[in-house]
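Take a look at the structure below.
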Amino acid sequence: MQYSIARVLRSAVAVFLRGVPAVLALLSFGFMLCAAYAQAPAPGPNSDPTYQALRNLGLSGEAVSVSNVELKRDAGTFHLRSGSICFVSPVNGKVTGAVFTGDGNFVLTPPESDSPMLKVLAKGDEFSENFAQMVLRFTDSTYEELKKAGTSGGAGCDAGPLKDSQHTMRHKLKENLDSRILEDVLSPAPGGLFMAFIHGKRYNGQELYSIDPHFARDQVTFETYDENDRGRWASFPMSGDRKPGTIGHPIHIEHQKLDTTFEKSANLIGKATTEFTAHLDGVRVVPFDLFHTLRVRSVKAEDGTALSFIQEDKNDDAQFSVILPKALSAGEHYSVTTEYEGKEAVANTGGGSYFPIARIDWFPNSRGSSFGEYASYEMTFRIPKGMQIAATGVRLSETTEDGHNITTWKSEAPQTVAGFSFGQFKIESSKLTTPEYAIESYANVGQPDWVEAFKHATSGDNLPTLERHSPGLAVGTMSTTGLNKKALAEGELAVQLYTDYFGPSLFKHMQLTQQTACNFGQSWPELVWIPICYYFDTTVRHELGVDWGDRGYWKAVTPHEVAHQWWGHTVGFSSTRDQWMSEGFADMSASLYISMIEKDPKKFITFWNDERELLLERNAQGFRAIDVGPLTLGYRAETTRTGANVTRRLIYPKGAYVLHMIRMMMRDRQKGDQLFKETMHDFVQTYSGKAATTEDFKAVVEKHMPPEMDLEGNHKLDWFFNEYVYGTQLPSYKLESSFGTGTDGDVTFAFKLTQSNVNDKFRMMVPIYLETQDGNMLFLGRVRMVGNDTIQQSLPLKGLKNKPRRALLNYYDDVLASPN
């Protein structure tokens, strides 16, 4: 409420007429005036009373005894043979947890796609776990069901297991379960969360079975979290007939307006205005992703009202959530402005180099949406004067003010994520006309601290901080600007090639930037990070220990990352189950680059041999990546039992092989890759700016596949996807052949082809090639094989008078198979 001076005077006169001195009246209204203009203090973090009640939750004293009670939750069934159940105190009228003590059993029967991983854990076909204690947290009907099934008078209520589960979530798993439960407690809509902390007897009592409808996909999960036995062993969509609109992420972000300042120390100061739409009914608590060291100062609504928010200590369950003043209905729009600050999200690595650590969550992003959610962005960056910045989107302006270089950016199309790279860069640029595309390449003028240390070590200073050391090694300046033009040229060629094969991307600009890490590259929309070691020669990379047998990584890293402008950003992936398309398709794209640009068939074949070797090498745990599980496992393939880096060795090369095999099956003697190009153009055009699933891709390939690929006669590719995407089979082949001469002088070809190490349903089109006397390779044809079988055949090679040198199977690695 606002008060004018005239209104205050009129009120004072009225009071005076009632016998109160006017001076006192004026003083009184003066205090009212000050109070009216004073704002109420903004709510502090974690101050919401309902949240605090959940945070400090304990047992209520209410308990029941149970005997032979069955509690079924999706694919998991809990058999509570005997014991007591003690409930937690109600919060906002809702009971959200219980502790079971007694004799219980848990049986998990996941879909077939998740059975292989669970068998790795259980070392058998059935997963059954006995337990004596279990903590349940829920917002579904569990409280009512257990209370109805039990009899009053349970005994032995011990709050210890509840406290242990709280400690586990907050300090070990670092997930704010209290904030997630608050989403349902404050919502007028029914909740559906269910979590069971199972103190089982087989895995150090650290097992977690959960069902969360707020996940977009794979709402059901089972994991173990003991440090020596950690992994997510099952993850799949909820079954049943849930109503539409009750499953999925609570919000969809439509637009982000970001204002970010980077200080020379790498301290980040940010202000984000986030516009979103409620995806579900009853959204009152909005979860965001924000890097844990970025501490929120304030959150405000559109009208400037300060909003309550949640953000615990940066070293614990630091997830950021905003509490709205009222619940939103599905489809309702809202906007919040968040101010935040902190270090460690970006690192000053020395020499004018900065390394963005928080690449996805340097601003409040949509939690758990992966790369399937598209939004538009407006961004303003303030960086130290004298530095340059590259970012996702199109640069609109650049000015200098108060010792800062200020640039503004805007996304030219909705994008899956926003990012940046800044430092003291030298820039090379070019413009393509076909397609119309602007490309820039950035390399640091200076060198990060670790490079300087390496140079000193190799010059004879023998610094103790480096284990690898060759005294007197001539590493030169190790400058990266000299190869800046090479990176630019590779980017140009890759964009032209991929546009030809896959169609236009969403974007018309791209910036290739150098990053100070050696062990990975990465690609955001219009922004590519290339590892600094790409710019070094093979001698330096060997001395650094990053040659990795030189399996073509340094030749393929730039075209691979450029390919993500198509795979992951033009076409998003719907979930981690579909991430193999992003990484695998980018690897396959790199093989096209090697084949078309270097024009050396041997390098192309070496690329695929290296990919197969990654799949078939056994790691320290004794696993081959190809055996761990299907492609759709994604990053869940990595556990303490299967070993680290398994996913890298599974979804990258095998995903690449899947697309490569489709290409080779579609390849025609006369038209070459025309059919494959038409298929990929259709896929990109159909799902441009959208998230695609594995089944979406399969449907597009089925739409274009030639009759030869219809091995089951149903116009489907179930046979192929079941074998290589959803399965783990690896066929073996043996070819015996001879050449003769027919009565007409034409060469005759006799062969015996065997397919083995597969099940009876395994089908494949096996290609045969002929090497001519002059060294050329001719494609002869494909033989249809089913199961473990041998085919013998003799046929004339019409028009061929000179006997070939030899016949070969699978010359271009057309089929992923065991090496001969």
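The values are calculated or read from the model by the stated rules, or taken from the named source; none is laboratory data. Here the structure is a predicted model, which means the values were calculated and not measured. Backbone-built Cβ (ideal geometry, glycine too); neighbour counts: all protein chains shown. Each accessible area value is taken on the protein alone, full model and side chains, heavy atoms only, with ligands, DNA and RNA left out. Shrake-Rupley method; radii C 1.70, N 1.55, O 1.52, S 1.80 Å.
Miscellaneous remarks
- Going through (1) of a type outside the set (Lys, Arg); (2) crowded, with 21+ Cβ neighbours inside 10 Å; (3) not in a loop (DSSP other than H, G, I, E, B) one by one, residue 292 falls short only on (3).
- Flag if residue 699 is surrounded by fewer than 20 Cβ atoms within 10 Å (Cβ to Cβ) and assigned to a helix (DSSP H, G or I): yes
- The residue that is farthest from the chain's Cα centre (by Cα), among those in region 614-660 that are among the small types (Gly, Ala, Ser) and part of a helix (DSSP H, G or I), is 625.
- Residues located in region 228-260, provided they are in contact (Cβ under 8 Å) with a residue 60 or more places away in the chain, under 30 Å from residue 200 (Cα atoms) and surrounded by fewer than 18 Cβ atoms within 10 Å (Cβ to Cβ): 228, 229, 230, 239, 240
- Residues that are part of a strand (DSSP E or B), modelled with pLDDT of 85 or more and either touching a strand residue (DSSP E or B) at 6+ places or on another chain (Cβ under 6 Å) or not hydrophobic (A, V, I, L, M, F, W, C) (or both) do not occur anywhere in region 37-49.
- Some residue of region 138-158 being out of contact with any strand residue (DSSP E or B) (no Cβ under 9 Å at 6 or more places or on another chain), open to solvent by less than 60 Å² (accessible area, probe 1.4 Å) and not β-branched (Val, Ile, Thr): yes
- Region 556-583 residues that are more than 19 Å from residue 615 (Cβ to Cβ) and among the acidic types (Asp, Glu), paired with ones that are open to solvent by less than 10 Å² (accessible area, probe 1.4 Å) and assigned to a helix (DSSP H, G or I) (beta carbon under 6 Å, 6 or more apart): 578/694
- Note on region 354-409: enclosed strands (runs of 3 or more DSSP E) holding 1 or more residues that are among the acidic types (Asp, Glu) and open to solvent by 20 Å² or more (accessible area, probe 1.4 Å) are 376-384, 394-401.
- Filtered by the rule that a residue be open to solvent by 30 Å² or more (accessible area, probe 1.4 Å) and closer than 13 Å to residue 157 by Cβ, region 72-101 gives 89, 101.
- Test: residue in region 295-302 that is within 30 Å of residue 451 (Cα to Cα), crowded, with 18+ Cβ neighbours inside 10 Å and at pLDDT 95 or above: no
- Hits in region 701-722 - residues which are over 19 Å from residue 679 (Cβ atoms) and under 28 Å from the mean Cα position of the chain (by Cα): 722
- Sole residue being touching a Phe, Trp or Tyr at 6+ places or on another chain (Cβ under 8 Å), without any contact (Cβ under 8 Å) to a residue 60 or more places away in the chain and under 30 Å from residue 282 (Cα atoms), chosen from 168, 109, 142: 168
- Here residue 711 qualifies as touching a strand residue (DSSP E or B) at 6+ places or on another chain (Cβ under 6 Å) and surrounded by 14 or more Cβ atoms within 10 Å (Cβ to Cβ).
- Only residues that are assigned to a strand (DSSP E or B), under 23 Å from residue 667 (Cα atoms) and of a type in the set (Val, Ile, Thr) were counted across region 772-820, and they come to 2.
- Between 750, 817, the distinction of being open to solvent by less than 50 Å² (accessible area, probe 1.4 Å), within 21 Å of residue 611 (Cα to Cα) and either in contact with a helix residue (DSSP H, G or I) (Cβ under 7 Å, 6 or more places away or on another chain) or among the hydrophobic types (A, V, I, L, M, F, W, C) (or both) belongs to 817 only.
Results for (1) β-branched (Val, Ile, Thr); (2) on the phi < 0 side of the Ramachandran plot; (3) open to solvent by 10 Å² or more (accessible area, probe 1.4 Å), shown as yes or no for each residue.
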{"residue": "552", "(1), (2), (3)": "no, no, yes"}
{"residue": "559", "(1), (2), (3)": "no, yes, no"}
{"residue": "563", "(1), (2), (3)": "no, yes, no"}
{"residue": "570", "(1), (2), (3)": "yes, yes, no"}
{"residue": "585", "(1), (2), (3)": "no, yes, no"}
{"residue": "590", "(1), (2), (3)": "no, yes, no"}
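- Residue in region 743-763 that is aliphatic (A, V, I, L, M), assigned to a loop (DSSP other than H, G, I, E, B) and closer than 30 Å to residue 628 by Cα present: yes
- Qualifying residue in region 670-678 (condition: surrounded by 15 or more Cβ atoms within 10 Å (Cβ to Cβ), part of a helix (DSSP H, G or I) and of a type in the set (A, V, I, L, M, F, W, C)): yes
- Subset of region 625-654 that is among the basic types (Lys, Arg) and closer than 23 Å to residue 591 by Cα - its residue that is least open to solvent (accessible area, probe 1.4 Å): 654
- Number of positions in region 267-289 that are within 12 Å of residue 341 (Cβ to Cβ) and surrounded by fewer than 20 Cβ atoms within 10 Å (Cβ to Cβ): 3
- Out of 547, 500, sole residue that is free of Cβ contacts under 8 Å to residues at least 12 places away in the same chain, of a type outside the set (S, T, N, Q) and surrounded by fewer than 19 Cβ atoms within 10 Å (Cβ to Cβ): 547
- Here 163, 119, 94, 123 are screened, and the one residue that is of a type in the set (Lys, Arg), modelled with pLDDT under 95 and over 27 Å from the mean Cα position of the chain (by Cα) is 123.
- Pick from region 579-613, criterion aliphatic (A, V, I, L, M) and under 12 Å from residue 652 (Cβ atoms), ranking: nearest to the chain's Cα centre (by Cα): 581
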